[in-house]
Amino acid sequence: DFNAEKIAKEILNYWVENKNSIYDEKTNKGLLRHIVIKIGFKTNEIMCILVINGKKFPNEEGLVKFITNKFPCVKTIVKNVNMKNTNVIMGKESINIYGEGYINDKLGEYIFKISPHSFYQVNPIQAEKLYNIGVKAAQISKNNVVFDLYCGIGTISLFMSKYAKKVYGIEIVEQAIEDAKENAKINNVENAEFIAGDVEKVLEDLINKKKVIPDIIMIDPPRKGMDENSIKNILKISPKKLVYISCNPATLVRDLAEFEEKYDVKTIEPVDMFPYSKHVECVSVLELK
């Protein structure tokens, strides 16, 4: 029997019992900053990430033994180095101290590899529903070229690849793009291409230099929504359909207003990804007027 909270508590108890220090935000001293647990919902594979204010901590082997004996389903343990004075959870450098440094999970009919830095929805049951609603709304057909902006590890790109001629996924986090390429390989998907870079710049390059014009664009941005340039570029090429998935209704409304000169907002469907909280995801479907 395990859950993320239980594992984190056990690690913390062990840490304290062994007189290892805890990070203090006021003084910027102490070692352990965060314990991050990722669980593969369908596979039960678990990743533990110890975010530390330093390069190493005392008796790493002892802690690895303790965790793996107590929780055999822990597949990998990673230490993440974050020595900056910041409220960002993880630093750039991750070092595997046990296992391969990633876990797998299954979403729909696809297997996904999840690394410490890659984004994966925290509620996979609803994520599957969210993606299916998005893909269905897009009504993709076999001769369609689809862009997936902010694609992460390629979850929705792979869901769409089954119906499309070609999918281009764009994402700024390089580790996520590595994972996305790997995920396409694992699932034998050959019509998805993933590009690492700022959505604004890659979109510009695909449209204006490479002259790749999409029929449908799927957009799933971070909370801050879309940038002006990407909106302008999309309006310039005017694909017949946009599906905009948003985790922040405020920026969604702001961005939809920009698209309304050329597009009709057909539907907005909320999906409750985070029960008992005020947050909601929305799937909006826009069609060219």
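Brief remarks follow.
- Listed by first and then second residue, the pairs with beta-carbon distance under 6 Å, at least 6 apart or on different chains, first residue in the range 3-17 and touching a residue at least 24 places away in the same chain (Cβ under 8 Å), second part of a helix (DSSP H, G or I) and open to solvent by less than 70 Å² (accessible area, probe 1.4 Å), are Tyr14/Phe66.
- Among the residues listed as Lys38, Lys79, Lys55, Lys70, the single one being touching a strand residue (DSSP E or B) at 6+ places or on another chain (Cβ under 8 Å), in contact (Cβ under 8 Å) with a residue 12 or more places away in the chain and loosely packed, with under 15 Cβ neighbours inside 10 Å: Lys55
- Only listed residue being modelled with pLDDT of 95 or more, under 30 Å from Ile35 (Cα atoms) and among the basic types (Lys, Arg), chosen from Lys113, Lys162, Lys185, Lys181: Lys181
- Cβ pairs under 8 Å, 6+ apart, first in the range 267-287 and in contact (Cβ under 8 Å) with a residue 24 or more places away in the chain and under 22 Å from Val122 (Cβ atoms), second assigned to a loop (DSSP other than H, G, I, E, B) and open to solvent by less than 10 Å² (accessible area, probe 1.4 Å): His279/Met273; Val280/Met273; Glu281/Met273
- Subset of the range 173-185 [farther than 14 Å from Asp148 by Cα and surrounded by 24 or more Cβ atoms within 10 Å (Cβ to Cβ)]: Asp179, Asn183
- Scanning the range 82-132 for residues that are among the aliphatic types (A, V, I, L, M), over 26 Å from Val64 (Cα atoms) and either in contact with a helix residue (DSSP H, G or I) (Cβ under 8 Å, 6 or more places away or on another chain) or open to solvent by less than 40 Å² (accessible area, probe 1.4 Å) (or both) returns Leu107, Ile111, Ala127, Leu130.
- The requirement of being more than 18 Å from Lys38 (Cβ to Cβ), open to solvent by 10 Å² or more (accessible area, probe 1.4 Å) and modelled with pLDDT under 95 is fulfilled nowhere in the range 139-146; no residue meets it.
- Selection status of Ile156, surrounded by 24 or more Cβ atoms within 10 Å (Cβ to Cβ) and in a helix (DSSP H, G or I): yes
- Residue list for the range 68-110, filter: hydrophobic (A, V, I, L, M, F, W, C) and part of a strand (DSSP E or B): Val74, Ile77, Val78, Val81, Ile95, Ile97, Ile103, Leu107
- Ile170 vs. criteria buried (at least 17 other Cβ atoms within 10 Å of the Cβ), touching a Cys at 6+ places or on another chain (Cβ under 8 Å) and modelled with pLDDT of 95 or more: yes
- For the residues Val285, Val265, Val243, the requirement of being β-branched (Val, Ile, Thr) and either loosely packed, with under 15 Cβ neighbours inside 10 Å or under 20 Å from Phe119 (Cβ atoms) (or both) singles out Val243.
- Some residue of the range 250-262 being in a strand (DSSP E or B) and modelled with pLDDT of 95 or more: no
- Residues (buried (at least 17 other Cβ atoms within 10 Å of the Cβ) and either within 23 Å of the chain's Cα centre (by Cα) or assigned to a loop (DSSP other than H, G, I, E, B) (or both)) located in the range 205-230: Leu206, Pro214, Asp215, Ile216, Ile217, Met218, Ile219, Asp220, Pro221, Gly225, Met226, Ser230
The values are calculated or read from the model by the stated rules, or taken from the named source; none is laboratory data. Note that this is a predicted model, so its numbers are computed, not measured. Heads up, the Cβs are rebuilt from the backbone with ideal geometry, glycines too, and the neighbour counts pull from every protein chain shown. What goes into the accessible areas is simple: the full protein's heavy atoms, side chains included, and nothing from ligands, DNA or RNA. Shrake-Rupley method; radii C 1.70, N 1.55, O 1.52, S 1.80 Å.
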